[in-house]
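A short write-up of the structure that comes next.
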């Protein structure tokens, strides 16, 4: 079983992932759709160098969060946890396929983007399930127990609002909606990581298993 120290450090990895995720999309914005390099790297370079580790660090934070409450989390939390990991994994794979498979071999980036979109849609659903399970587990103290659910609700609202705006105004709102989703993911995972790092409560999952 993961140590309490390892679980807390996974929270810092989630925060670092949030920083890398944000930095990636800021730098990518300056590549003008991948037509020029920024600090010597193209869009593919920055998304390979920063975005892939960012999503791996998100996974590490999620694994740590679930490990903290593993002894008390029910099927709902465990199901949401697995789906969220799957969603992040699909996004990571889509990012890799976009620049290293579909673009160089088939001349299109669409398969990778579509995979990232599928993974993204799984995140709010999984976070809502995971968040409800976290509330029921009552392992985290204070505001920390509401972080996954709050993250899921906000992300779902941002995605739904973006879809509604694009349906109403066409592609004009696409960039703004994408930025809102990017910032929501960065903020949500940063707060989740901070919650995991700052929680000094007893490792309930370990104490339950030790006395069970």
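What to note about this one:
- Only one entry in 90, 97 is surrounded by 15 or more Cβ atoms within 10 Å (Cβ to Cβ), within 18 Å of the chain's Cα centre (by Cα) and part of a helix (DSSP H, G or I), namely 90.
- Among the criteria (1) in contact with a helix residue (DSSP H, G or I) (Cβ under 7 Å, 6 or more places away or on another chain); (2) under 18 Å from residue 100 (Cβ atoms); (3) at pLDDT 95 or above, the one residue 62 does not fulfil is (2).
- Exactly one residue among 112, 152, 142, 133 is farther than 19 Å from residue 194 by Cβ and free of Cβ contacts under 8 Å to residues at least 40 places away in the same chain, and that residue is 112.
- Selection count where residues are part of a helix (DSSP H, G or I) and surrounded by fewer than 23 Cβ atoms within 10 Å (Cβ to Cβ), scope the range 70-86: 8
- All positions within the range 17-44 that are in contact (Cβ under 8 Å) with a residue 60 or more places away in the chain and either closer than 15 Å to residue 178 by Cβ or in contact with a helix residue (DSSP H, G or I) (Cβ under 6 Å, 6 or more places away or on another chain) (or both): 17, 18, 21, 22, 25
- Residues (in a helix (DSSP H, G or I) and surrounded by fewer than 19 Cβ atoms within 10 Å (Cβ to Cβ)) located in the range 28-43: 29
- Subset of the range 112-163 (residues that are in a helix (DSSP H, G or I) and on the phi > 0 side of the Ramachandran plot): 142
Quick grid of which residues meet (1) touching a helix residue (DSSP H, G or I) at 6+ places or on another chain (Cβ under 7 Å); (2) surrounded by fewer than 19 Cβ atoms within 10 Å (Cβ to Cβ); (3) farther than 16 Å from residue 90 by Cβ:
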residue: 106; (1), (2), (3): no, yes, yes
residue: 127; (1), (2), (3): yes, no, no
residue: 142; (1), (2), (3): no, yes, yes
residue: 152; (1), (2), (3): yes, no, yes
residue: 157; (1), (2), (3): no, yes, yes
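- Checking each residue of the range 45-52 against the condition of being out of contact with any strand residue (DSSP E or B) (no Cβ under 6 Å at 6 or more places or on another chain) and under 15 Å from residue 126 (Cβ atoms) gives no match.
- For the range 159-167, the count of residues that are in contact (Cβ under 8 Å) with a residue 24 or more places away in the chain and either surrounded by 21 or more Cβ atoms within 10 Å (Cβ to Cβ) or over 24 Å from residue 57 (Cα atoms) (or both) is zero.
The values are calculated or read from the model by the stated rules, or taken from the named source; none is laboratory data. Predicted model, so just to flag it, every value in this text is computed and none were measured. All Cβ positions, even for glycine, are placed from backbone atoms using ideal geometry, and neighbour counts span all protein chains on display.
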